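The values are calculated or read from the model by the stated rules, or taken from the named source; none is laboratory data. Just so we're clear, the structure is a prediction, and the values are computed from it rather than from any experiment. Cβ sites come from the backbone with ideal geometry, for glycine too, and all protein chains shown count toward neighbours. Note: areas computed on protein heavy atoms with side chains; ligands, DNA, RNA excluded. Shrake-Rupley method; radii C 1.70, N 1.55, O 1.52, S 1.80 Å.
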Amino acid sequence: MKRIIYIIIFFLCYTAYSQSLSVFNVDASAFPTIKANLYAFDAAGNQITNLSNSDFNITENGQPRTITNVSCPSPKPPIALSSVLVMDASGSMGAGNLNLAKSAAKAWIECLPLGKSECAITAFNSRNYLIQDFTTDRTLLLQKANSLFAGGGTDYDAAMLNSMAGGLLITQNAKYKRVIVFLSDGQPNQEPLTSKIISEALAQNVTVYVVTLNMPTPQSLKDIALQTGGQYFENVTSIDEARLTYLNLLQMAQGGVPCQIEWQSGITCKAGITNVEVKITSLNLISNTSYQQPDNSIAKLEFSPKSVKFLNANPGINKDTTVIVTARNADFNVTNITSTNAAYSISPTNFILTSGQSINLTVSYLPADSGYSFTKFTLENDKCPVYYYASGGFSGKKAKIQTLKLIEPNGSEILAVGNDTIITWEGVIPEEKVKIEYSTDNGANWILITQNATGLAYQWRVPNTPSNQCFARVTTKTVYYETCPDVKIGNQIWMGCNLDVDTYRDGTPIPEVRDSLKWSKLTTGAWCFYNNDPEMGATYGKLYNWYAVNDPRGLAPAGWHMPSYAEWAVLSDCLGGDNIAGGKLKATGTIEFGDGLWSNPNTGATNESGFSALPGGYRYHNGIFNDVGGFGYWWSSTESVTTTAWGRSLNYNLSALVRYYGIKENGFSVRCLRD
């Protein structure tokens, strides 16, 4: 009985609240053992500590888990605080977030044992405002907290450092343990002086706690909180959550120690977030939290390569490749493997793997024609849904049967503005890039979401374009996209396709220049797509002027370099000399016959080198695009004279690899050599 009286004396809040439970700081580092901190409060705001295993139920993604330990600290008197509530008063706070802020401040003030502690309130937008200096007058503090307003920008330096009412100026007059509780709902208008804020807080021995409303906590605020001994709470969205967050912070700031709960998780089949529900059954208190699943929790069959691409497989001729399958974090008994396309098969179709064990599978493809085709293998087993993907076809050939299909949304959903939704599709391998669009007028017009979605799923935040005439669609290029395995020719290793980077090696962006007049006047590095069309770029890569090739920051990625005139000559000699090397470098097939991208007759093309050169054309120094389908041009790193540089070209009507020098302002393709 003495213990209960002791808690009430020191922790009694001055307004009755409903009971509450908060679970946080989930630790999965010792998986499958999971630990988390929790605070449970009764209706008077007192921490409930007489808890045991039997008081709780825990589920993970709806699956029950076994609780192995619950421990709670012995209560102790609260430490006297000098707390400053630093409240965002910018225009983004509005009515909704302003109410959250006021409720949170009210919870802090009503549960702070004033007389032993003191409290001050400041507000900030692009300036700062002293709402109330340190006082022990609870009524006055509640009145001032209720007077918070909203308007203006967001400046974290004004909140913490600037005169006259930055939080760290107010704490200089504190009597007790110094604490700042910083609340905001907006990114700052300019990057704050984070290191200066941290230094000043440490010099004064101020602990900073951070709460962000309806958004993740910015990295600057995370650093400020953690490096001053505090914590941050993000994405607070409701009044109850805001109040409970401030009660948790008050307990921490006053030296209170949370309870700890421990449970045993289980193997899961899907990577991502584990959603946890913790319930005190006798009090019907529920708290939801989550943690990122560690790698060793994911049961899976791991494939190498991740998918199979049969590029340029000849019709009527069977082609095989080997796939390595490894069991991870569980034993698997595969009883059958099925394919959605009879042109593809796999063997063996049944096997048993213990965790860590591997097996070789043979994937076979017998193409009926040269068009794009696709299959999805389903590995039936006793653990998890497992799929594997394969595709085939000639570059430039359309699929006879379109396999790409939008799965969700499918037209029956109501999507709320501002919410996240997952767009999913099937019918291509996961690595295939797709374009996603939506329409708000029954498909009359389409709005681009992304051109480069992969992985068969894309997370999308629903924009503020309300309509009941919405459609979504997903499309991919009608040509088989190129893979880029390295190509070994003689003693050289070349990139398998044209360069497609938009930054130099050091990360500096290379500007895209679309305007012809601007292109013609360049004396610095730039790139473009042929005809300024990203779809052309997806097939042929980017065109670069020679200033980008010669930039000291390095156009080639790490481990690669731009080939010199002499190195192009080595390549040519290895393939029999300039007169015939071009045919051995060119991709086979023609536009006219529907099995390639070169114009007919594509003289001498055998591609026996594996270089798979394509006719990407070029951009002339005056900004005009020319010769796609008929010619390909590639830069070397070697200057010819002041205004020109050497390169090589290929021609639809020649088997030669032609030596060529071009004006430096020209836009040519680039192939890199391994260092």
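Note that segment 460-552 presents 51 Å² accessible area per residue, ligands and nucleic acids not counted, probe 1.4 Å.
V501 sits with roughly 40 Å² accessible to a 1.4 Å probe, with DNA, RNA and ligands left out of the calculation. Residue by residue, segment 296-311 carries 3J(HN,Hα) couplings of 7, 9, 9, 7, 7, 9, 9, 10, 9, x, 5, 7, 10, 10, 9, 7 Hz when phi is fed to the Karplus relation 6.51 cos²θ - 1.76 cosθ + 1.60 (θ = phi - 60°); x denotes Gly or Pro.
For segment 328-372, the fraction of C-alpha pairs more than 18 angstrom apart is 42%.
Give, in nm to one decimal, the length gained when the segment between T606 and K35 is fully stretched (0.36 nm per residue of separation minus the Cα-Cα distance).
Extra length available between T606 and K35 comes to 199.3 nm.
Ordered by 1.4 Å accessible area with all protein chains kept, D320, D88 run largest first as D320, D88. Considering only Cα atoms, the convex hull volume of segment 618-671 works out to 71 Å³ per residue. Excluding same-chain neighbours fewer than eight residues apart, the lysines reachable from K102 by a Cα-Cα span under 17 Å are K144. Compared with the alpha-carbon gap, the fully stretched path from L517 to N61 is longer by 158.4 nm at 0.36 nm per residue. Segment 283-324 and segment 65-129 have Cα centres separated by 45 Å.
In straight-distance terms, cross-link reach from K435 covers every one of the aspartates and glutamates whose alpha-carbon lies under 17 Å from its own, apart from those fewer than eight places away in the same chain; here that gives E408, E426, E482, D533, E535. For segment 541-611, just say rounded, prolate or oblate: build the C-alpha gyration tensor, square-root its eigenvalues into a ≥ b ≥ c, call rounded for a/c under 1.5, and beyond that prolate if a/b exceeds b/c, oblate if not. Taking the square roots of the gyration eigenvalues as a ≥ b ≥ c, segment 541-611 is oblate. Whole Å is fine, so just give me how far the alpha carbon centre of segment 210-242 lies from that of segment 511-578. Cα centroid of segment 210-242 versus Cα centroid of segment 511-578: 46 Å apart. Under the simplified labelling scheme, the S282-L448 pair shows an inter-label distance of 6.2 nm, with each label point 7 Å from Cα along Cα→Cβ. DSSP bridge analysis restricted to the chain gives an antiparallel fraction near 75%, rounded to the nearest 5. For segment 545-564, backbone nitrogen atoms closer than 17 Å to the point 7 Å from R505 Cα along Cα-to-C-beta are found at 547-564. Entry comment: accessible area of segment 199-316 is 42 Å² per residue, from protein heavy atoms only and a probe of 1.4 Å. Which shape class applies to segment 487-617: rounded if a/c is under 1.5, otherwise prolate when a/b exceeds b/c and oblate if not, where a ≥ b ≥ c are the square roots of the Cα gyration tensor eigenvalues? Taking the square roots of the gyration eigenvalues as a ≥ b ≥ c, segment 487-617 is oblate. Where only DSSP H runs of four or more residues are counted, the chain gives -4500 deg cm²/dmol as its mean residue ellipticity at 222 nm, each run worth -39500 (n - 2.57).
What a 1.4 Å probe finds exposed on the chain is 50% carbon and sulfur by accessible area, rounded to a whole percent.
Residues M215, M536 ordered from highest to lowest accessible area at a 1.4 Å probe: M536, M215. Largest first, the extents of the alpha carbon coordinates of segment 435-539 on the three principal axes equal 60, 36, 26 Å. With R₀ set to 22 Å, the beta-carbon distance separating E234 from Q172 gives a calculated FRET efficiency near 0.15.
All C-alpha to C-alpha distances of segment 13-93, sorted into 10 Å bins beginning at zero, yield P(r) values of 12, 34, 30, 19, 5 percent in whole numbers.
Using a probe of 1.4 Å, the accessible surface attributed to D382 totals some 90 Å² when neighbouring protein chains are kept in position. Can you tell which of G559, Q254, F611 lies farthest toward the positive end of the dipole of the chain, using +1 and -1 charges on the Cβ of basic and acidic side chains (Lys, Arg; Asp, Glu)? Value: Q254.
The relative contact order of the chain comes to 8 percent, based on Cα pairs under 8 Å that sit 6 or more residues apart. Strictly greater than 21 Å: what percent of every Cα pair in segment 131-212 meets that? I get 32 percent for the Cα pairs in segment 131-212 exceeding 21 Å. In order along segment 186-202, phi translates into HN-Hα couplings of x, 5, x, 5, 9, 4, x, 7, 4, 5, 5, 4, 5, 4, 5, 5, 5 Hz, rounded to whole numbers, per the Karplus curve 6.51 cos²θ - 1.76 cosθ + 1.60 with θ = phi - 60° and x for Gly and Pro.
Dimensions of the chain from C-alpha coordinates, computed as largest minus smallest value along each principal axis and given longest first, are 98, 64, 51 Å. Ranking F631, S599, G576 by how far each Cα lies toward the positive end of the dipole of segment 500-654 (charges on Cβ) leaves F631 at the top. The calculated Kirkwood hydrodynamic radius for segment 571-675 is 13.9 Å, given to one decimal from all distinct C-alpha pairs. Ordered by solvent-accessible area of protein heavy atoms (1.4 Å probe), largest first, the residues T643, T289, T281 come out as T643, T281, T289. Measuring against 31 Å, Cα to Cα, the residue pairs K196/K279; K300/K584; K488/K664 contain K196/K279; K300/K584 as the ones spanning a longer distance.
Taking square-rooted eigenvalues a ≥ b ≥ c of the alpha carbon gyration tensor, is segment 60-149 rounded, prolate or oblate, where a/c under 1.5 means rounded and, failing that, a/b exceeding b/c means prolate? Cα axes put segment 60-149 in the oblate bin.
Projecting the Cα positions of P216, L142, S92 onto the charge dipole of segment 64-219 (unit charges on Cβ atoms of Lys, Arg, Asp and Glu, taken about the Cα centre) puts L142 furthest along the positive direction.
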